[in-house]
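Peer 1: Provided herewith is a single structure, encoded as structure tokens, for subsequent inquiry.
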Amino acid sequence: MTPAEIRKLLALAEQGKSRDLALYAQQVQAAEAVAARKQALLQGLRETPALQDYAASARWQRWSEQEMRRLQTESRRIEVEKEARRKTAATAVARVQALELLLEKARKADIQQARRRAEQNGAPPDA
């Protein structure tokens with residue numbers, strides 16, 4: 001591959017890397033938001049005074065338990081998705097690094113080939 005072709009691929013890979021890193025960042029933010037909601041619910045449970053109405057207290061307790069289970073399920077789902085996004089982003093970063101190495105090798109090969117041609121034509125190699 002020529003350096004020009006590799007540069008085109010590198011530009012595409014950079015765009016993919018940016019996209020994948022942005023998707024990973026979204027998952028991190030979603031995980032933080034769920035963790036904050038869980039923490040707020042726990043804080044609310046600690047600060048809620050004992051209600052005199054036992055039926056209301058039981059409803060509140062049942063709702064809070066259901067909400068905590070829902071948040072835990074959502075947290076697990078987000079963590080799985082976040083890990084998948086992390087792996088995808090890591091692959092994209094590695095792809096960009098590999099293309100950068102290929103570009104460097106292609107540039108060196110072009111320089112070496114230009115020097116050989118110059119020698120064959122009788123010109124100084126770096127002219």
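The values are calculated or read from the model by the stated rules, or taken from the named source; none is laboratory data. As the structure is a prediction and not an experimental result, all values here were calculated from the model. Cβ atoms come from the backbone with ideal geometry, glycine included; neighbour counts cover every protein chain shown. Accessible surface is based on the protein model in full, side chains and every heavy atom, while ligands, DNA and RNA are left aside. Shrake-Rupley method; radii C 1.70, N 1.55, O 1.52, S 1.80 Å.
Peer 1: I need the calculated FRET efficiency for the pair Ala11 and Ala90, taking r as the beta carbon distance and R₀ as 22 Å, to the nearest 0.05.
Peer 2: 0.65
Peer 1: Still on this structure, I have one more. To the nearest 10 degrees, how steeply does helix 3-47 sit against the main Cα axis of the chain, on a 0 to 90 scale?
Peer 2: 10 degrees
Peer 1: Compute the acute angle (0 to 90°) between the alpha-carbon long axis of helix 54-120 and the principal axis of greatest extent of the alpha-carbon atoms of the chain; round to the nearest 10°.
Peer 2: It is inclined by approximately 0 degrees.
Peer 1: Using R₀ = 30 Å, calculate the FRET efficiency as 1/(1 + (r/R₀)^6) where r is the Cβ-Cβ separation of Ala36 and Gln97; round to 0.05.
Peer 2: The value I calculate is 0.30.
Peer 1: Measuring from label point to label point, each 7 Å out along Cα→Cβ, what is the Arg76 to Thr2 span in nm?
Peer 2: Result for the modelled spin labels: 5.5 nm.
Peer 1: Of the accessible area of the range 69-127, with the probe set at 1.4 angstrom, what percent is carbon plus sulfur?
Peer 2: C and S fraction of accessible area: 51 percent.
Peer 1: What share of Cα pairs, in percent, lie more than 23 angstrom apart in the chain?
Peer 2: 61 percent
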